[in-house]
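What follows is one structure encoded as structure tokens, with my remarks underneath.
Each value in this text was obtained by applying a stated rule to the coordinates, not by laboratory testing. For clarity, every value in this text was computed on a predicted model and none was experimentally measured. Here the Cβ positions follow ideal geometry from the backbone for every residue, glycine too, while neighbour counts run over all protein chains shown.
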Amino acid sequence: MRNMRQWFVVNTKPKNEERAAGNFMHGGFETLAPKIRYRKYRDGRIVSQVEPMFPGYIFVKFHPVDDFRLVKYTRGVKTIVHFGDRIIPLSEEFIDFIKARLEDGVATLTKKRFRKGERIIVTEGPFKGLTGIFEKEMDGRERVAILLEGINYYARMEIDRDLIDSA
């Protein structure tokens, strides 16, 4: 049943994104541990810095039943992200959206294109059509919060759909 693999979010131990991703790749699992490059003003000069896009989290493609224990107990892993007793698969579209912005596993932030308070519309990817107000560029912790909030939202939609289908 290896062809039933889906993408899930795996919470790593602190600063273990690379270690866990390497262990999964060595074990034959497809993984995504995206990084982000940005320019930062430090000590009187601008420096380029690379950090995990979602600190403490990576994406792993695995079978939710056959591979669950192996994934959960891989070195560097804290847990598989879950809501209640359910782990929630991510869509291929979501993963493809992230991959399309990476070059050698790293996304590069360009200079700000939006001003605080400016109205924005998402024009592509899994959040296409959503609108909002630009607040600020996010740090790693804020990116993680939005990732987990989005997965939880998707989980609620999946649960609601299941209830509707069975009615």
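Okay, here's what the table says:
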read-out: Loop-resident sites, the range 1-91, for trypsin sites (Lys or Arg not before Pro), counting at most 13 other Cβ within 10 Å (DSSP); value: 15, 75
read-out: Sites residue 124 and residue 83, calculated FRET efficiency, Cβ-Cβ separation with R0 35 Å, nearest 0.05; value: 0.85
read-out: Above-threshold pairs, the threshold being 24 Å between Cα atoms, out of 15/116; 40/61; 78/116; 13/35; 35/72; 61/99; value: 15/116; 40/61; 78/116
